[in-house]
Every structure is written in C-alpha cells, then in structure tokens.
Amino acid sequence: METNDLQQRAINTIRFLAADAVQRANSGHPGLPMGMASVAYLLWTKHMLYDPEHPRWPNRDRFVLSAGHGSMLLYAMLHLTGYDLPLEELKRFRQLGSKTPGHPEYGLTPGVETTTGPLGQGFANGVGMTLASEHLAAIYNRDEYPLIDHFVYGIVSDGDLMEGIASEAASFAGHFKLGRLIYLYDNNHISIDGNTEITFTEDRAKRFDAYGWHTISVDDANDLQAVDQAIQAAQKDPRPSLILVRSHIGYGLPTKQDTAEAHGEPPGEEELAGAKENLGWPLEPRFLVPDDVREHFVASSQRGRKAQADWQVLFENYARAYPDLWAKFERTQTGDLPPELEGSLPVFEADAKGMATRASSGKTLNALAEKLPELIGGSADLTGSNKTDIKGEPPLTTELRSARYIHFGVREHAMGGILNGIALTGGLIPYGGTFLVFSDYMRPSVRLACLMGLRVIYVYTHDSIGLGEDGPTHQPIAQLAALRAIPKMHVLRPGDANEVAYSWLAALQYRDGPTALALTRQNVPTLDRSKYAPAEGTLKGAYVLADLGDGDPELILMATGSEVGLILQAAESLVDAGHAVRVVSFPSWELFEQQPVSYQEDVLPPRMKARIAVEAAATFGWKRWVGDAGIVIGVDRFGESAPYKEIFDDLGLTPERVASDAIALLERVSDKRA
C-alpha cells in the first residue's frame, strides 16, 4: 500500500492538528501524535468500524489510547472522522471546561472509550473489554446472528509496558487467548528521562511471546503497507497481538525528533515551523484541515456507518428469532436492574453465633446471580476466602467463554483494570474479590473507576484485625479511610448478614461509581430484626438499630461491621447501669451523606453531644460524625499476629472499654452543661 498524496496530507493533518493544539495551549505531549499519526490514520480509515452518529453502538470496534498523554492524536481522529468534537474544542485543548482535557476522559468526549493517562491502565482496560466482548458473543451470538464480533485496538507506549499492571494484564490475556485484542506499540525508544536504553532493555517481542501473544515487528511507522499487513495478520491470529512499530517521536521536528524534548513540552514556534517546512505543510493557517482531507475522513467512516445500519437490521431480525435473548440484551445494555430485585435477597434468621459477613456475601451473591445474568466476576486467587464463586457454574476458560466466574490469578492490579474494561463494554456488572489490605494494589484502577463513574463492585474480605493470626501484614488499618477519601466511591461495611444482603442491593443500585464491600473473616451475630430495626436501613447508610433503656437517649453509640455487635453488648451493660442509649449501625458514610438533613438529624440529633464511634480501623474521619465532644475508639497502629479475640482485647476493642468510656464521656458532657 503506497502512500499517495491525499493519504500523506491526511496524516500530516493529524500531526499538525495535534502540534498546533499543544503549541497554542503551551502544554501537552506532541511527540506521540506526530510519530504515530500514520498508524492511527490506517486504523481509523481502513480497519476500525465505528459510527460517529451512534458512538455507543454495541458492536463498534473499541480504540484504547493507553498512552493517554498523546491525547491530541485521539482528539484529532475523533474530529476528523465526524464525532461531535468541533474544531473549536481542539483549539481549546487543556483549557477549563473544554472537551479536550490533557488526558482522555470517558463520558466527557464523545468517542473516548476509557479514561487513560496513568500508564498501563488502558492496557488492562482493553483486556477487560476483549474478555467482556467474547463473553457477550458466547451468550448472545447465534450462527446466523453474529451480534458481537468486534475488535479492541489500542496504542500502547514504552511507559505502558514498563508498568507492572501491563505485565499482569498481558499474562492474563495470553493465558485466556483473547484473540480479538490488537495493540500497536509505539516503539520510539524515548522516555522522559532519555533513551529507553537507560532502563528498558528486555526483548519486548520475546517477552510477549512468552505471555502467549502473537507478536510482529514493523520497521517503520510510516510504511502503511507493512502496518496494514501486520494488522491483517493480527486479525487472523487466535492469540492477542502486539505489533511493535518502530516510530520516531516528534516526527518531522527539525531538532527535537527522537529526543525526550519531543515527549512532554510544546515544540516552540520555530521548531513547529521547521516541522511544517520539512513535511511540506503550510505555516498558516493553524489547525488546517484541507477540504479534500476532511471529505476523505468522512468517506472512510462510511464503512462503519453502513456496518451499524446493517447491524441494526440484524438486531431487529434477532428480536423476532430470539425474543428472550433480545429482551435480556436490551435490558442489560441499558444497565437497568430487573424489577423487584429486592425480593430476591436472602433473609437470614437471627443467630447469636451468626456467620462471617464474607459468608453471607457469598450466599447473597449466589441468590442475585440467579436473577442477574449480567453479573460477572471473580477473585485474585482467593475464591475460597472471598466466597465469590457462583455455585453450580464452571469457571470461564479459553474454551468456555459463556461462564461468569473468572479466575484472575494473583493479579490485583490487573483485576482492577480488567473490571473497569468489562464495565466500560456495557451489558455487564463486574465484581472482583481480594483481601481489603490488597485494595492498595488496586487503588489506581479503583480511582479511575470513580473518575469514570463505573458500576464495579469490590468484594474486600478480611476487613480488619479480626482476621487474626496472619498478622499486621494482612490486617488493614488505613484502607477504609483511604477508600472513603476517593470521590464517588461508596464504601459499605455491613454489621450482620442481613445488612450484607442490602449492601449488595445498594451496590447494584449505584450506577455512578464503584462500591467496596468490606467483609469479615470472623463470625458476627445475625441480629434479631424483631428486636432491632429492619436491615433495609442499610440503604440509607446509617440507621437507628434501637433506643435502649428508659426515657430519651443520653448517648449515641455508632459502629460499622463487626463492631456493631460489640456496641450492642456495651449498650446492654449501660442500660443495666441505668442509662438510655441509642445504637446506630453506620455501614456507609457516603449513603448517609446523600440523605436529607432531616433524616441525618433524626438519626444523629444535634442536641445529643455524647457520641462514641467504634471501628476496628483508623479513626481518621470519624470526628465528623461524633462531633467535638464525642470520641472515637479505633486502631491507629498496626495489628498483631494472634487469635483475633486476643487482638481485640489487647487493643481495647471490647464492650467493657466502650461502656467505661461512655460513662466517662457522659460525666464530661454533663459537667460542661452544668
């Protein structure tokens, strides 16, 4: 495939839209767009199927710019191919309120499939997208109705391949033979600190060969025929593919091409003018899109527009041939839950011995899985501990793509990114399990799930010092506070089995971000709901379990998780001593914050200054709820290796300590009033 004049001018249009935008903003990364413009041109004009008028078409090919710093490459392609991204938005690159932020943001810019920038994340997202699409194909496709058969393409960088999450995700993709995944590696030999020889010298092709990928090298990014042949070979191979494309960062820049300076700074007026002269491009006007080039891009997108129209006819025929499957596909694509899902929740009988909340979570998950075919997930090699398996169903394998249970292996980093990719695909609700302490490994993916507003459910078990003998390496202390600090994250730490059931319902109902379920290893009592308030109060984040004793409550005891049972014991001893106590279960700060002020003040009346919060975790943040006069009993140090009851006793997390502190607090509050 020789590059004709129109193709060359189209490629240069991409280059200089990007360079002009970076120069105008006086900020950004021109190197990648200038070096990989030819590759992006070929992908979008010859191989990818997409419809700018239907950007959420379920069977579109996905494009992931994992190297999100090169965002102007993506914005240029979206503008040129007809997405709702006017040229004025390119001129406002990196400016307040624009649709062209420094790194691509899902939900902000039409056609952006995922938020990228933290390197390696997009790589893992694409693996999740591919897994999701192959799962959906196995569920819905019929011989004469290939409803889902798209590819996931991406551009990845040296930085992506250096990050550990990419190694985990690549290993996962190779093992599961995710053959509709094709990444083009911008092999430009340059990182911010200089030539990649200073830190990055392994043979990348052999590395990915070892992962089980198909690899192929292209010597020149501007050789369209070689790139085209490589993509065609990748499309035919049953393995995921990495195409190593030798490119030149900042292609055309007279002094900065192939240097670190081309990576992350504006070229400068003189350097930009020199590049335009080198490549035969007019110096003015800026942001030039020749008419015939624009027509060429619009014409190239007609393949996708036709494919979408043909798919719509196929889908209408599918509805008549397979009405039940069609109805399921339609509902799950909208993200709507089945009606009366709450009626599917298990009800747990009162039991003083109770069960671990991880166990009641497993039972709830299985009850919901019967009603939610879109529920798909797994565990990072902790299935038996996390209780995340779907009973009676085999796990997903290379041969069995329709299965819903995923063995992620010991790959928390990749699991987080893969879950995001599954959620981004549409039609599925992903969940993933590990120990709460290892949420630290997932934090970048969790943060991006919040930023993108993705419905992902994290099943975090072994949620405190209550896991016992494994000791401080495995006992989470600061993790709850860290998760609560992320905007749009919902954290629920249920206090008994029935709160667990409603926590799952809350997670499923929350469509604007992820939910973390913090669950115990140790048994906790299942509360007698004829004595205490119904567990659906969980949906409001905090609720009054009971007002105990005679008269108006003098004191509020509040807790989450396993400490709810502890404060109930403390309350009983306080009542025996003649005090009236309000007991509040507080599974979710975030849900409580969303309630009307009137409800919040009903649960935590401002006049009641004597308040104690108890949580077997860092006390950070609890002052908001106990007020200046209240106290927090928690764990602001690392734990110990011992049976969990001994650790609780050693750290003062006992009913006796709570009752003693409560009496002292009541005396102080009384003295102040006097």
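The values are calculated or read from the model by the stated rules, or taken from the named source; none is laboratory data. Every value quoted in this text rests on a predicted model; they were computed, and no experiment measured them. Every residue, glycine as well, gets a Cβ built from its backbone with ideal geometry; the counts of neighbours run over all protein chains shown. Calculation scope for accessible area: heavy atoms of the full protein, side chains included, ligands and nucleic acids excluded. Shrake-Rupley method; radii C 1.70, N 1.55, O 1.52, S 1.80 Å.
Specify the residue that is least open to solvent (accessible area, probe 1.4 Å); the eligible residues are those in region 12-29 that are of a type in the set (Gly, Ala, Ser) and within 11 Å of LYS91 (Cβ to Cβ). Checked region 12-29; the qualifying residue least open to solvent (accessible area, probe 1.4 Å) is ALA21. Note on region 216-225: residues that are open to solvent by 40 Å² or more (accessible area, probe 1.4 Å) and among the aliphatic types (A, V, I, L, M) amount to 1. Taken as a whole, the condition of being charged (D, E, K, R), over 26 Å from ASP158 (Cα atoms) and open to solvent by less than 10 Å² (accessible area, probe 1.4 Å) applies to ASP51.
When the residues of region 174-215 are filtered to those that are open to solvent by 50 Å² or more (accessible area, probe 1.4 Å) and of a type in the set (A, V, I, L, M), the one that is nearest to VAL127 (Cα to Cα) is ALA210. Among the residues of region 493-518, those that are among the charged types (D, E, K, R), within 14 Å of LEU591 (Cβ to Cβ) and buried (at least 22 other Cβ atoms within 10 Å of the Cβ) comprise ARG493, GLU499.
Going by the conditions given, is ASP628 assigned to a helix (DSSP H, G or I) and not aromatic (Phe, Trp, Tyr)? No. Of all the listed residues (ARG521, ARG484), the sole one being open to solvent by 10 Å² or more (accessible area, probe 1.4 Å), closer than 17 Å to THR364 by Cα and either touching a Cys at 6+ places or on another chain (Cβ under 7 Å) or not aliphatic (A, V, I, L, M) (or both) is ARG521. Please go through region 256-273 and pick out each residue that is charged (D, E, K, R), out of contact with any Leu (no Cβ under 9 Å at 6 or more places or on another chain) and either closer than 23 Å to VAL289 by Cβ or surrounded by fewer than 22 Cβ atoms within 10 Å (Cβ to Cβ) (or both). Of everything in region 256-273, those that are charged (D, E, K, R), out of contact with any Leu (no Cβ under 9 Å at 6 or more places or on another chain) and either closer than 23 Å to VAL289 by Cβ or surrounded by fewer than 22 Cβ atoms within 10 Å (Cβ to Cβ) (or both) turn out to be ASP258, GLU265, GLU269, GLU270. Among the candidates ALA170, ALA137, ALA166, the residue that is touching an Asp or Glu at 6+ places or on another chain (Cβ under 7 Å), farther than 17 Å from PRO430 by Cα and among the small types (Gly, Ala, Ser) is uniquely ALA166. Scanning region 318-339 for residues that are under 21 Å from SER133 (Cβ atoms) and touching a residue at least 12 places away in the same chain (Cβ under 8 Å) yields TYR318, TYR322, LEU325, LYS328, PHE329, THR332, GLN333, GLY335. Filtering region 229-255 to residues that are in contact (Cβ under 8 Å) with a residue 60 or more places away in the chain and either open to solvent by 10 Å² or more (accessible area, probe 1.4 Å) or in a loop (DSSP other than H, G, I, E, B) (or both) leaves GLN235, PRO238, ARG239, PRO240, SER247, HIS248, ILE249, GLY250, TYR251, GLY252, LEU253. Considered as a group, the residues in region 80-124 that are assigned to a loop (DSSP other than H, G, I, E, B) and aromatic (Phe, Trp, Tyr) include one that is surrounded by the fewest Cβ atoms within 10 Å (Cβ to Cβ), and that residue is TYR106.
Residues checked against (1) in a strand (DSSP E or B); (2) over 27 Å from THR332 (Cβ atoms); (3) touching a helix residue (DSSP H, G or I) at 6+ places or on another chain (Cβ under 7 Å):
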position	(1), (2), (3)
ALA414	no, no, yes
GLY417	no, no, yes
ASN420	no, no, yes
LEU424	no, no, yes
TYR431	yes, no, no
THR434	yes, no, yes
PHE438	no, yes, yes
VAL446	no, no, yes
ALA449	no, no, yes
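Within region 513-527, being in a loop (DSSP other than H, G, I, E, B) and under 13 Å from ASP463 (Cβ atoms) holds for LEU519, THR520, ARG521, GLN522.
Here is a yes/no grid of residues against (1) open to solvent by less than 50 Å² (accessible area, probe 1.4 Å); (2) touching a helix residue (DSSP H, G or I) at 6+ places or on another chain (Cβ under 8 Å); (3) closer than 16 Å to GLN600 by Cα; (4) in contact (Cβ under 8 Å) with a residue 12 or more places away in the chain:
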| position | (1), (2), (3), (4) |
| --- | --- |
| THR538 | yes, yes, yes, yes |
| GLY551 | no, no, no, yes |
| MET558 | yes, yes, yes, yes |
| GLU563 | yes, no, no, yes |
| ALA570 | yes, yes, no, yes |
